[in-house]
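These notes concern the structure reproduced below.
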Amino acid sequence: MGKPDLVHSALLAPEPHGVVPGVKGFVFRLIPPRPDFASDLSDDERAIISEHAGYWSGLAAQGTALAFGPVADPAGGYGIGIIVVDDLQAAEALRDADPAVTSPHGFRSEISPMLRLVTPTGQFDAT
């Protein structure tokens, strides 16, 4: 799942370290099965979302996810996550293990590479 030790140390370091080699930033979008999903979750959907939040909290604790959470977009809500991993295959593996994505509830996901991800302590370039 990426290089959490390198990433984690770069993110927590007190001084900027410039470019962090070998890892790249990706943005995840989790698209719910219907526009009003956030306001009318079933009990089963609520349980899956709780598992999903726990999964992403674990990724954050490892230093793989830099940020995640729901977005209140007027056009329709969705979830977003920003991660750092080795490559697209590693990002897809994280997606494929997400309880929301593997659930039968019809969530869709999108993964987009970031050309550059800048944090207070480092920079992750796509090249």
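The values are calculated or read from the model by the stated rules, or taken from the named source; none is laboratory data. Keep in mind it's a predicted model, so treat the numbers as computed, not measured. With ideal geometry, Cβ positions are generated from the backbone for all residues, glycine too; neighbour counts draw on all protein chains shown.
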message: I'd like the residue in the range 75-98 that is of a type outside the set (D, E) and over 13 Å from the mean Cα position of the chain (by Cα) and, out of all such residues, is modelled with the highest pLDDT.
response: Q89
query: Just one of the numbered conditions (1) of a type in the set (A, V, I, L, M); (2) part of a helix (DSSP H, G or I); (3) touching a Ser or Thr at 6+ places or on another chain (Cβ under 8 Å) is not true of I49; which one?
result: (3)
query: Would you pick out the residues in the range 103-127 that are loosely packed, with under 15 Cβ neighbours inside 10 Å and either among the polar types (S, T, N, Q) or in a strand (DSSP E or B) (or both)?
result: R108, E110, S112, P113, R116, V118, T127
task: Check A75, A67 and return the single one that is of a type in the set (A, V, I, L, M, F, W, C), exposed (fewer than 14 other Cβ atoms within 10 Å of the Cβ), out of contact with any Ser or Thr (no Cβ under 8 Å at 6 or more places or on another chain) and part of a loop (DSSP other than H, G, I, E, B).
output: A75
message: I'm checking my understanding of the structure. Among residues of the range 99-114 that are modelled with pLDDT of 95 or more and among the hydroxyl-bearing types (S, T, Y), which one is farthest from the chain's Cα centre (by Cα)?
response: S103
